[in-house]
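See below for the structure under consideration.
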Amino acid sequence: MAYTTGMTLASRSLIPICSKTFLSPLRVASLLSFPEKSSTTFFRRHQIHHLFSTSTTPLFSPVKCSTLETEVQAVSRPNVVDILQERGLLESVTSENLRSACSDPNVAPLKVYCGFDPTAESLHLGNLLGIIVLSWFQRCGHQAVGLIGGATGRVGDPSGKSLERPELDALTLEKNIAGIKNILVKILGGNASSYVIFNNYDWWKDMTMLDFLKKVGRFARVGVMMAKESVKKRLESEQGMSYTEFSYQLLQGYDFVHLLDKEGVNVQIGGSDQWGNITAGTDLIRKILQTEEAAYGLTFPLLLKNDGTKFGKSEDGAIWLSPSMLSPYKFYQYFFSVPDVDVIRFLKTLTFLSLDEIKIVEDEMRRPGYVPNSAQMKLAEEVTRFVHGEEGLKEAVKATEALRPGAETKLDWNLIERIAEDIPTCSLPIDRVSGVSIVDVSVSAGLFESKSAARRTLKQGGVYMNNERVDNENKRVEEEDIVEGKGLVLSSGKKNKVVIRIS
């Protein structure tokens, strides 16, 4: 949608107690034991953040409770806006009052939404920052809201696009919506009361054109709409802009109106390219609901590499968050390959490690004897765990270790089958493999373009069969080299690999 920790003691107030209690007595005691002065330091904020991260239960639950009440001292929530700013995850806010609102113990926890249009069956790395920012709000005691654009996805957001998106049929849209919902539930899940997911098709499907003009159109000013950066760029291009795309900002803007009015959702977040759409929403809220401070917008920077290019694309295309479209192994490998110049910044923006922990990693990188890619390994572990869970991380680490040239891990065919989805694969008859020289087999499999190239690499010690270095250029593939009689893995160096299936 495109529609993509300091704690202080405050005045006494009433906190409701119910079956889903906000805080266990142990956690209350530990939180209240911090002296008031400690709230001014980011170090303390992150100590308390770690307390959150050990449990999927949010500190302040948004669930509705019974009328039973007890008098305790209120504790302010960690200031999530400050945390985002310190980690490089804050671009702009529509009002600085959001800073106080997000941590004021006398203000109810915020409901914060990010939109995701169902343009594909899976979200991708470009959407991940939105989920991470939602999760930061969630971890600081607020409610995360995912909005799937079942209606806006039929229109297409022109922000950052040079061409109009192709129209998707209803069946594809439904499939995409289901896929995106599954990803959001998996990543934001744990405590169902800390997040909720909506589909904007639910309130757009019954709105007629006349309703739209009456409810929304009469409050919009064409001059303001034309001044939006996404609109100006498209109007200046040869392709121009359709009325459908031009109206997108009003659709997204009204989503905010509806969510605030009907669901109490009072914060919208998005990438920096969403500023125009987000402010369209706050403008409509001010005019339609006649309120100034009830709603806030927050944007975060786009995910860029050090050279200014977009981060999130590989040679094979988008970095998908769904394991059915990109395996946890390949997802892990993408982050493991991040350049040193980018890794610390990505540890701040893409993980929930404290800044103190990240500083330790940064210092280690400067010391003599630093093991190359240790920081990248930490980044890959943290992001893969967040997106794919512990099981996905275990699968990725196991495959990475098994495919490392010289690894002691014995390859089995089940593991080779899993990684075959992520590396080049070919099929050869048994008589072109068994008893044939490793040089000939590697050329037949496409690992090398010529026998001379294969021999040259072999002499340099760069050819591996099933992770074992081949030292003899006269080596022939033997029957026991074929894993379970089904195939083998050949490698040239650390990265170039091919799975050979016996046909």
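The values are calculated or read from the model by the stated rules, or taken from the named source; none is laboratory data. All of these numbers come straight from a predicted model, not from anything done at the bench. Positions of Cβ are generated from backbone atoms using ideal geometry, with glycine treated the same way; all protein chains shown enter the neighbour counts.
Here are the numbers:
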| quantity | calculated |
| --- | --- |
| Residue within segment 230-243 that is surrounded by fewer than 22 Cβ atoms within 10 Å (Cβ to Cβ) and in contact with a Lys or Arg (Cβ under 6 Å, 6 or more places away or on another chain) present | yes |
| Failed item, numbered, when Gly253 is tested on (1) under 22 Å from Thr279 (Cβ atoms); (2) at pLDDT below 90; (3) of a type outside the set (S, T, N, Q) | (2) |
| Selection from segment 154-175 of residues that are modelled with pLDDT under 85 and in a helix (DSSP H, G or I) | Arg154 |
| Residue in segment 216-225 that is more than 26 Å from Asn97 (Cα to Cα), in contact with a Leu (Cβ under 6 Å, 6 or more places away or on another chain) and surrounded by 14 or more Cβ atoms within 10 Å (Cβ to Cβ) present | yes |
| Selection within segment 352-411 - within 24 Å of Leu125 (Cα to Cα) and basic (Lys, Arg) | Lys378, Arg385, Lys394, Lys398 |
| Scope segment 176-206; condition more than 21 Å from Gln143 (Cα to Cα), among the small types (Gly, Ala, Ser) and surrounded by fewer than 19 Cβ atoms within 10 Å (Cβ to Cβ); matching residues | Ala178 |
| Helices (runs of 4 or more DSSP H) completely within segment 401-503 that count 2 or more residues being outside the structural domain of Phe331 (by TED's automatic domain parsing) and modelled with pLDDT of 85 or more | 438-444, 451-459 |
| Condition broken by Val145, with the remaining ones in (1) modelled with pLDDT of 95 or more; (2) in a helix (DSSP H, G or I) satisfied | (2) |
| Residues within segment 98-123 that are over 21 Å from Asp169 (Cα atoms) and outside any helix (DSSP H, G or I), tallied | 13 |
| Qualifying residue in segment 361-374 (condition: under 27 Å from Lys186 (Cβ atoms), among the charged types (D, E, K, R) and not assigned by TED's automatic domain parsing to the domain that holds Val489) | no |
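Residues are listed down the side, and each one gets a yes or a no for (1) closer than 15 Å to Val483 by Cα; (2) touching a strand residue (DSSP E or B) at 6+ places or on another chain (Cβ under 8 Å); (3) surrounded by 15 or more Cβ atoms within 10 Å (Cβ to Cβ):
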{"site": "Gly392", "(1), (2), (3)": "no, no, yes"}
{"site": "Val397", "(1), (2), (3)": "no, no, yes"}
{"site": "Arg418", "(1), (2), (3)": "yes, no, yes"}
{"site": "Arg432", "(1), (2), (3)": "no, no, yes"}
{"site": "Val439", "(1), (2), (3)": "no, no, yes"}
{"site": "Ser444", "(1), (2), (3)": "no, yes, yes"}
{"site": "Phe448", "(1), (2), (3)": "no, yes, yes"}
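Listed here are the residues, each with its yes/no results for (1) outside the structural domain of Glu121 (by TED's automatic domain parsing); (2) touching a Gly at 6+ places or on another chain (Cβ under 7 Å); (3) farther than 30 Å from Val383 by Cβ; (4) at pLDDT below 90.
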residue	(1), (2), (3), (4)
Lys181	no, no, no, no
Gly190	no, no, no, yes
Ile197	no, yes, no, no
Tyr201	no, yes, yes, no
Lys205	no, no, yes, no
Met209	no, no, yes, no
Lys214	no, no, yes, no
Leu235	no, no, yes, yes
Gly240	no, no, yes, yes
